[in-house]
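Written below as structure tokens is the structure these notes are about.
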There are 2 protein chains.
Amino acid sequence: MNNLKRQLIPEPDSTRPPRWLNNHEWSAWLHLLATFTLLPAAIDSQLQREAGMSHFEFGVMAALSRQPGRRLQLKDLAVVANGSLSRLSHVISRLERRGWVRRVSGTKGRATNAELTDKGYRKLMEAGPVHFREVRRLVFDVLTPQEVKDLRRVTGRLNAGLIPETNLGPLARRVRAGALRQSS
Amino acid sequence: MNNLKRQLIPEPDSTRPPRWLNNHEWSAWLHLLATFTLLPAAIDSQLQREAGMSHFEFGVMAALSRQPGRRLQLKDLAVVANGSLSRLSHVISRLERRGWVRRVSGTKGRATNAELTDKGYRKLMEAGPVHFREVRRLVFDVLTPQEVKDLRRVTGRLNAGLIPETNLGPLARRVRAGALRQSS
DNA sequence: ATTAGCAACTTGAAGCTTCAACTTCAAGAA
DNA sequence: TTCTTGAAGTTGAAGCTTCAAGTTGCTAAT
């Protein structure tokens, strides 16, 4: 299976560049890289084909569907969806055009809320099973329960490092900080 | 830490949509999702800022640098880089414009090889340490050796399922099959 | 010796994301 | 009050990726 990599990326020698990581790390990194390239691509394209939406759009709508009133302020939605405010703004515009979400301007400050419409909700309910069947097939069916636990642990550790410093647009740091403060 | 998620995504009740996955899976999925959204974004933006190239471009050049003659046919490069041929073709054009790679038409069939130039090699040598310092900081410094092993195992399993069926452009399946055949 | 079919690209358009700049609103300082 | 600052969004342009539709060069039938 990994003969491919072995053949196409031969061991370095004096005339070739150094490896920058030790063997264990290098191997883990190659695998991780492949996973986070291939998995999102697979999920995205399936959802696009069978439900006509991207995975990010799905995530946004799913997050809304779980909120009371099916609405949430954009800055919070950005945090939940792991995206920048700018990206979100564009996405909400697209979803609005399709009639799945509408903007409702909030009361305080410049707040804008995104609200899932009934049409959007129906669409989401239709897409959900399709999507999660695929997630199950690609992820949970191939892993043992122990591996799922390991996965959760390791990704949890990684996120703990990533979240506090990720710059999802210049605002995210403050946003995350604020959201954490009010929720603790 | 996860209070955030807990607050912003409350438990479902009768009026809210079902969860589609069980608790363990759901939690693992949320974490995995965050990781493969945040980690590539972090890596990409750092590499872009400090070396003026995307992570994908880095990967392509790094793969070339390890080949004899620092060159490789595009279809094989596509496999190594986990990208579609089309994407690769565009990327190679960009890298050519910057003088880091050149196209060399191969001998058989319609083969085209990409070859890393000296300038590209120097650039890569400059970017490598910068990049891998960040990888180490974000990934390997936060994980224990055991967790690195787990990560490698789990991603290995996932890839085994993903690789054979991933449709990286309509050609990838055949490409992968071919590449595997000739290397086994 | 044609011709059909496939493999390996290339290309242009459409769609998404990022980036930087700009607008608006709310508070607090002066 | 007026000024300043910062938070929350919006927007347009630039850059990348994907998708579909070409090319072009083998190879295997007929």
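Throughout, read-outs are computed from the coordinates displayed, never taken from laboratory work. It should be emphasised that the depicted structure is a prediction, and the values quoted were computed from it without experimental measurement. Here the Cβ positions follow ideal geometry from the backbone for every residue, glycine too, while neighbour counts run over all protein chains shown.
Placing a label point 7 Å from the Cα of A:SER54 along the Cα-to-Cβ line, the residues of the stretch B:66-94 whose backbone N sits under 18 Å from it are B:84, B:87.
Fully extending the segment from B:GLU134 to B:SER93, taken as 0.36 nm per residue of separation minus the present Cα-Cα distance, adds 12.0 nm. Within the stretch A:46-90, find all residues whose amide N lies under 17 Å from a label point positioned 7 Å from the Cα of A:ALA111 along Cα-to-beta-carbon. Label zone hits: A:64, A:67-80. Taking Cβ atoms as reference points and 12 Å as the exclusive limit, the residues near B:ARG102 contribute a net charge of +3, counting Lys and Arg as +1 and Asp and Glu as -1. Summing +1 for each Lys or Arg and -1 for each Asp or Glu among the other residues whose beta-carbon sits under 11 angstrom from that of A:PHE132 gives +2.
In nanometers and ordered shortest first, the copy-to-copy spacing of the A:ARG110 label point, defined 7 Å from Cα toward Cβ, is 5.0. Taken residue by residue and averaged, Cβ atoms of other chains lying within 10 Å of the Cβ of B:45-55 number 1.
I need the calculated FRET efficiency for the pair A:ARG102 and A:ASN23, taking r as the beta carbon distance and R₀ as 56 Å, to the nearest 0.05.
Values: r = 53 Å, r/R0 = 0.95.
FRET efficiency, A:ARG102 to A:ASN23: 0.55.
Within the set B:LYS75/B:LYS149; B:LYS75/B:LYS119; B:LYS75/B:LYS123, which residue pairs have Cα atoms separated by over 27 Å? Pairs exceeding the cut-off: B:LYS75/B:LYS149.
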